[in-house]
Amino acid sequence: MEEARVQRSFPVKPKLKSKARTPKQTAESKYWSSFKTQQIPDLISVPSLTFSPTAPHSFAAAHSASLTLFSAQTLAPTATISSFSDAVSCASFRSDALLLAASDLSGLVQVFDAKSRTPLRRLRSHTRPCRFVHFPRLDKLHLISAADDALVKLWDVAEETPVAEFLGHKDYVRCGDSSPVNSDVFITGSYDHVVKLWDARVGDSKSSLQLNHAAPVEDVVFLPAGGMVATAGGNSVKLWDLIGGGKLVYSMESHNKTVTSICVGRVGRDFGEESNQFRIMSVGLDGYLKVFDYGALKVTHSMRFPAPLLSVGYSPDCSTRVIGTSNGVIYASKRRVKEIEKEKVSESSLFWRVAPLEHTEKKVLRPSHFRYFRRGQGEKPSEGDYLVMRPKRVKLAEHDKLLNKFRHGEALVSVLESKNPGNVLAVMEELVARRKLLKCVSNLDVEKLELLLAFLHRYCTTPRYSRLLMGLTKKVLEMRADDIRGSQALKNHVRNLKRSVEEEIRVQMSLQEIQGIISPLLKIAGR
Amino acid sequence: MISGGQNYVSSAPVFSNDAKRLLVCTGSTVSVFSTATGSRVSSLEGHSGPVTALVVVPDSSTLLSFCWTASVDGTIRHWDFSVPECVKIIDLHFPVFSMVVPSLLSPREENDAKTRPDVFAYVSVQNPNAEANCLSPRCGQIRKCNLTNFHAVSSLILKETERPESLTISPSGKFLGIKDKRKLHIWKVPKVDSDSAVSKKITLHHSKTITVLALHPMERIVAAGDVTGRILIWRGFGAQKFMHSGGLVNGRSTNDEEDKPGVRENDDAESCSTWHWHPSGVRLLSFSSDGAYLYSGGKEGVLVLWQLDTGKKNFLPRIGSPLLYFVDSPDPSLSSISCADNQIHILKMPSMEIIRSISGIKPCLSSQDICEGLCSRAAFDYTSGLVAVQTENYGIQFYSLFANRGLYEVQVCERNHQPVDEVTVVVSLVELSVDGSMMGTVEVKLPEDGVGGLVCLKFWDLDDNKRFSVSTLIYEPHRDAHISAIAFNPTRRMAVSLSYGGDFKIWVCKEEIKQKGQMLQNSGWMCHAVGSYKNKAMRAAAFSADGSVLAVAADNVITLWDPNNNVLVAVVGETLMPITSLGFAGKSYYLVSVCHGSKPQLSVWSMSRLAAFWSYKIQIEAVSFTIDFSYFAVLALLPESNEYAFKGDGIILLFNVTNPTPMASWSVTKAKGGGLAFLKGYPSEQLQSLLAYINGDREYVIFHPHSKEAFELSRIRQDDHVLEETGQFGYTSIYGELPKFDPKRNLTSSISSAASERPWETIFSGSSHMLPPLTKLCSEFLESLLEKKTPTVE
């Protein structure tokens, strides 16, 4: 038995648009694009960005001859250190974030108190511009620096003297990192294509391990487990296995220009399969930020910025990402942190649990309140409830109502005024199906005809609509030739129409030319 | 053999006395449907020709269930339809086209029950002698016959008409009438009827051809509809002739003409009024049982309810099909309307809402000739025995061949359907995959004067409720060329669509790609490959049983393709006319092609030799292939000269591909526009597949093609569970069951309540400042006045 069925009334609907074949975003790329970017302008190129390792996670940006500290929460500058004689090249926080070291192009390394910003120590030994300074992660007493004189030095910060010098690089040393698991092990990368692993306990300035990146090394970073390093240089980011004796694991070559900086970031989300996994973020002169999943060995997200990128930083609490560019803009992005805030709130309410209990007695709604009249309307049905659904009402637009009343001409005019080309086409198709379109056109008065001609001018060459509209345009011009001759406004419309049609013909011809060029190639390829 | 697909609307259905059953004439049988569930309960079988009239014997106790039926085979039968069995057969020797039995309707006098008068039926018969002598073209006759003691049809001929006309009787049984072109003839039924009793007759005239008439249940009012959509109502007809017995000529009637407004000439009626709402001919007219309202309907599919005194209208719109009959039931809350699309809707009455539909298979599109070449035939579902037919309102109806009932409908094109409108949108193609899980449809919007026009291809998937829902919609898949065919790959989710424009496209459902490891969320069909062969129009395609070869008919050659890589493998042969149908015979290496036109041809091609194997010059209407074996069946149209020899205009031939001699043949009627399909048999009946033949009128038979004699299939109704109707009607349906009245219990309980305390005497005693507030007292006081019924346990 068939259920009782009366014909419904169908509104005219525009044609469906085709859906994208591939889903727009993966879950992870949704995560990365959930960072809301804002610009911090008016700086001169930013070669280095570094985050404080402790709680508020403020960050320091080196730009020209000064170093500015920013709050990670507001992204506003909190302080500026400008006691530099030359452009600042690199900065580093100590692991407890009490000291801040910065190097400049004069070769001087200065150590500041991070709070008061007073210079505490001046470490002068490099003769050439110093581009790399770094506090080891597990060592509070020493400092590593490297300079364009190809020397790597280990400093005793308190005494302002170099403890050890590591010779071995043959070109500028521009980058390095310390091991997250051992206080004595660190690596440096140089423009001689070589990355060297040093051990401070070995004094004879012989590197424990060396890796050949095959391009000037711009940045090098230890991966969190300490057994692997990632190096950036040229167009590629390479992954090396240190425990396996410096074996190349993978080379990621999705940048088009030199990769200038890399850092390690964590997907700070509590759900999803990629939560709390680490990713390598790389930026390059091509303006791209790429997020590389080194577990799956693939790029999971890619983002473009309108300037060559020089440096990247990612806060340890996963809430802030900063990118420095060569034209002096910092793209700082913050993630919307609703969940975390909620957590905090719930925690605090846990603490104050006793207090709110007194307020839990439900207020009785009185007819004096608006909510009284809406009570129970938002009630959700429970499991066993039998739902009586109200039949959905079909919403009819103005043109639908007119079509239902067989006022075809008015329906056409009303939809032309509504300026949705999809709807206009749907109404035209319905009129064609009722054999009324041409009659409508012939009955339009001059002002409405102007409306129609403006619409035709605008959309008749659009591929989605052209099949119907081209035929209609021809008919309109044939049928209303006398009216068009009589009105200047209509003449203008027709002139515009003619122009757009000519332009379309030109486009088609050039497309055909291209097709003519391509088709022999395809024939050959198909063989 | 299962037959089905009968026309439910060939004549008006009738409700049984308790309104729980609806009797419907279905071809040569009468089907009894349950009004509560809408499913078939039983059928009365016995007539050898189409049943044309059905009269239920009315009975006040609603227990008896007898009915009379009349048929074209010349017999009138008396049935007990509750059992069901035939009680009595009367052979009239004339084909009966309409029958009414007035004496059943008129209230019978109880006292002379013993000397019951004979029951007389008025029949409209076709005079077989009239055909012989061409001089008198009037072959329809209205006659009388005695049903109680039948000897022969009464020689008295009430009226001769050009064609047998249908008789209309007033619900009181006093009058009966027919329409005859522009005239109405109304007879008064004599009080005591006999074979020779002459009924009095009046004639009413109109200027247009009358299509339908109805008689008022109480008063002397007749309503008639004409071809222009007007409804005429004559009040007080027969005032002179019927009322004044004894031939007394009333002086009043002759002199004043102006006293009879609207009545033509010397017609015997007091007044005539005209209502005009219907834009085209009126098809149904019926008075409500109380006589206050008139129902009318026509081609536009709107049931109009007229208030008889004021002419005010009420509507039931959007029924979507021309209306044919409106039938009232003894239950005032039920009635039924029959629509031309083979549906009977049961209406809940005062609100006129459709509560249930008894759906027969929908008839062929009337627009088939408008867009010839575009419309295809019904599609069959091999596995579940369904047939999918296009409907007028741009939908597809799924009809179960085994259960013989409509299952559901899907709307292909979301458009409002008006039966009177010119056809501009057509669902031109429907195709089901072998396992019945995928469907492809094509809808065509015809252009207006070269502007507009659109071809849409839709792919459908079965959803969780085993119903089809749209999966993918493709606009203009072959640019502006029309699609000629769709074929599904039997093994994969792959389909091919062909166009007259000379190219084909292979479509693949994306879910398949997902299985190969890519992560794609939205499943849908997308174009996998495009192919063409010398820009020849393509009209037929078929996949081989393992899905590895695609055969496409390009005009008059067959091209073979590898569908996965879209590579042309081979080109086979050439026929004289374009190939219109193509198929692989089961799992064999043979391909069967069919050509139409002036040189029709049925050819079998061998794939191993890429050459013709054998062929016939024969006009083929339909062809069907088994899935597993190398058999195929064709439905051939016979030349007109052979029709008498074969007793039919078509013949079904069953072939084995390897042998040009047919294995079996059956001759059939109405083969034009028919279809043929192999269906999967019941699991109990081994692997034998069944052959279904559906004729041009969408009636079908299912039979075993291999059994020698006409083996009777046990008619299994899989899901025809007859729910026992617990529905109530009349008073109880509105107010529910009354509590059983038990005088004894009532007596005792009333005594007990009377003996209870009388609080109103004590409630207000005491000083006023001691009294509780009035609001509290009031409820107590009122409560004490109420008579308490103490629940008594019995």
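The values are calculated or read from the model by the stated rules, or taken from the named source; none is laboratory data. Because the structure is predicted, anything quoted here is derived from the model rather than measured. So basically every Cβ, Gly included, is an ideal-geometry build from the backbone, and we count neighbours across all protein chains shown. Surface accessibility is based on the protein's heavy atoms, side chains included, excluding ligands, DNA and RNA. Shrake-Rupley method; radii C 1.70, N 1.55, O 1.52, S 1.80 Å.
Tallying residues that are out of contact with any Ser or Thr (no Cβ under 6 Å at 6 or more places or on another chain), part of a strand (DSSP E or B) and surrounded by fewer than 19 Cβ atoms within 10 Å (Cβ to Cβ) within segment A:278-299 yields 2. Against the condition within 14 Å of chain B (Cβ to nearest Cβ) and either surrounded by 12 or more Cβ atoms within 10 Å (Cβ to Cβ) or within 28 Å of A:Ser275 (Cα to Cα) (or both), how does A:Ser18 come out, does it pass? Here the answer is yes, as A:Ser18 does meet what is asked. Would segment B:555-570 turn up any residue that is under 17 Å from B:Pro660 (Cβ atoms) and surrounded by fewer than 17 Cβ atoms within 10 Å (Cβ to Cβ)? No - not one qualifying residue is present in segment B:555-570.
Return a yes/no flag: does segment B:449-459 have any residue that is of a type in the set (Phe, Trp, Tyr) and open to solvent by less than 20 Å² (accessible area, probe 1.4 Å). So far as segment B:449-459 goes, yes, one or more of its residues are of a type in the set (Phe, Trp, Tyr) and open to solvent by less than 20 Å² (accessible area, probe 1.4 Å). In segment B:573-593, the residues that are closer than 15 Å to B:Pro660 by Cβ and open to solvent by 40 Å² or more (accessible area, probe 1.4 Å) reach residues that are among the hydroxyl-bearing types (Ser, Thr, Tyr) and part of a strand (DSSP E or B) with C-beta atoms within less than 7 angstrom, at least six apart or across chains, in these pairs: B:Tyr590/B:Ser606. Taking the stated definitions as given, is B:Thr626 hydroxyl-bearing (Ser, Thr, Tyr) and within 24 Å of B:Asp546 (Cβ to Cβ)? Considered against the rule, which asks whether it is hydroxyl-bearing (Ser, Thr, Tyr) and within 24 Å of B:Asp546 (Cβ to Cβ), B:Thr626 comes out as yes. Within segment B:165-181, the set of residues being out of contact with any strand residue (DSSP E or B) (no Cβ under 6 Å at 6 or more places or on another chain) and surrounded by 15 or more Cβ atoms within 10 Å (Cβ to Cβ) comprises B:Pro171, B:Ser172, B:Gly173, B:Lys174. Each residue in segment B:345-362 was checked for being within 11 Å of chain A (Cβ to nearest Cβ), within 17 Å of the chain's Cα centre (by Cα), of a type in the set (A, V, I, L, M) and open to solvent by less than 40 Å² (accessible area, probe 1.4 Å), and 4 of them qualify. Residues that are assigned to a strand (DSSP E or B) and open to solvent by 30 Å² or more (accessible area, probe 1.4 Å) within segment B:26-41 comprise just one, B:Val41.
Scan segment A:417-427 and give yes if some residue there is closer than 22 Å to B:Val444 by Cβ and in contact with a Gly (Cβ under 8 Å, 6 or more places away or on another chain), otherwise no. No, segment A:417-427 contains no residue that is closer than 22 Å to B:Val444 by Cβ and in contact with a Gly (Cβ under 8 Å, 6 or more places away or on another chain). No other residue among B:Ser289, B:Ser338 is surrounded by 18 or more Cβ atoms within 10 Å (Cβ to Cβ), polar (S, T, N, Q) and away from every other protein chain (no Cβ under 14 Å) apart from B:Ser338. Screening segment B:511-558 for residues that are among the basic types (Lys, Arg) and modelled with pLDDT of 85 or more and picking the one that is farthest from B:Ser497 (Cα to Cα) gives B:Lys534. Can you find a residue that is open to solvent by less than 10 Å² (accessible area, probe 1.4 Å), within 14 Å of chain A (Cβ to nearest Cβ) and within 22 Å of the chain's Cα centre (by Cα) anywhere in segment B:417-429? So far as segment B:417-429 goes, yes, one or more of its residues are open to solvent by less than 10 Å² (accessible area, probe 1.4 Å), within 14 Å of chain A (Cβ to nearest Cβ) and within 22 Å of the chain's Cα centre (by Cα). Of the candidates A:Leu438, A:Leu431, A:Leu444, A:Leu416, the single residue that is under 47 Å from the mean Cα position of the chain (by Cα) and more than 11 Å from A:Val12 (Cβ to Cβ) is A:Leu416.
Here A:Pro463 meets each of (1) within 19 Å of B:Glu448 (Cβ to Cβ); (2) out of contact with any Leu (no Cβ under 9 Å at 6 or more places or on another chain) with one exception, condition (1). Pairing residues of segment A:430-451 that are more than 14 Å from A:Arg480 (Cα to Cα) with residues that are open to solvent by 60 Å² or more (accessible area, probe 1.4 Å) and in a loop (DSSP other than H, G, I, E, B), at Cβ distances under 7 Å and at least 6 apart in sequence or on separate chains, gives A:Val432/B:Pro447; A:Arg435/B:Glu422. Would you mind stating whether A:Thr74 is of a type in the set (Ser, Thr, Tyr) and more than 17 Å from A:Val133 (Cβ to Cβ)? Yes. Only one of B:Gly297, B:Gly320 is buried (at least 19 other Cβ atoms within 10 Å of the Cβ) and either within 14 Å of chain A (Cβ to nearest Cβ) or in contact with a Gly (Cβ under 8 Å, 6 or more places away or on another chain) (or both). Can you tell me which? Only one candidate passes the filter, namely B:Gly320.
Annotation note: Cβ proximity below 6 Å between a residue of segment A:43-67 that is in the same structural domain as A:Tyr314 (by TED's automatic domain parsing) and a residue that is of a type in the set (Val, Ile, Thr) and assigned to a loop (DSSP other than H, G, I, E, B) (sequence gap 6+ or interchain) occurs for A:Ala61/A:Val46; A:His63/A:Ile44; A:His63/A:Val46; A:Ser64/A:Ile44.
Every residue, every condition in (1) at pLDDT 80 or above; (2) in contact with a Leu (Cβ under 8 Å, 6 or more places away or on another chain); (3) not in a loop (DSSP other than H, G, I, E, B), yes or no:
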site	(1), (2), (3)
A:Lys19	no, no, no
A:Thr22	no, yes, no
A:Lys30	yes, no, yes
A:Gln38	yes, yes, yes
A:Ile44	yes, no, no
A:Leu49	yes, no, yes
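Residues in segment B:430-453 that are among the small types (Gly, Ala, Ser) and either at the interface with chain A (Cβ under 8 Å from one of its Cβ atoms) or under 30 Å from A:Phe406 (Cβ atoms) (or both): B:Gly450, B:Gly452, B:Gly453.
Scan segment B:399-416 for residues that are among the hydrophobic types (A, V, I, L, M, F, W, C) and either away from every other protein chain (no Cβ under 14 Å) or touching a residue at least 60 places away in the same chain (Cβ under 8 Å) (or both) and the total you get is 3. Residue count for segment A:392-427 under the criterion of being within 22 Å of A:Arg480 (Cα to Cα) and open to solvent by 60 Å² or more (accessible area, probe 1.4 Å): the result is 3. Screening segment A:72-153 for strands (runs of 3 or more DSSP E) wholly inside it with 2 or more residues that are among the small types (Gly, Ala, Ser) returns the ranges A:88-93, A:99-104, A:142-147. For segment A:21-68, filtering for residues that are more than 14 Å from chain B (Cβ to nearest Cβ), open to solvent by 40 Å² or more (accessible area, probe 1.4 Å) and of a type outside the set (Ser, Thr, Tyr) leaves 10.
Reported count of residues in segment A:428-476, each being assigned to a helix (DSSP H, G or I), open to solvent by less than 60 Å² (accessible area, probe 1.4 Å) and within 14 Å of chain B (Cβ to nearest Cβ), is 22. Exactly one residue out of A:Ser319, A:Ser275, A:Ser251 is in contact with a strand residue (DSSP E or B) (Cβ under 6 Å, 6 or more places away or on another chain), modelled with pLDDT under 90, more than 25 Å from A:Ala146 (Cα to Cα) and open to solvent by 10 Å² or more (accessible area, probe 1.4 Å), and it is A:Ser319.
Looking across segment A:118-141, the residues that are surrounded by fewer than 21 Cβ atoms within 10 Å (Cβ to Cβ), under 24 Å from A:Gly226 (Cα atoms) and not aliphatic (A, V, I, L, M) come down to A:Arg137, A:Asp139, A:Lys140.
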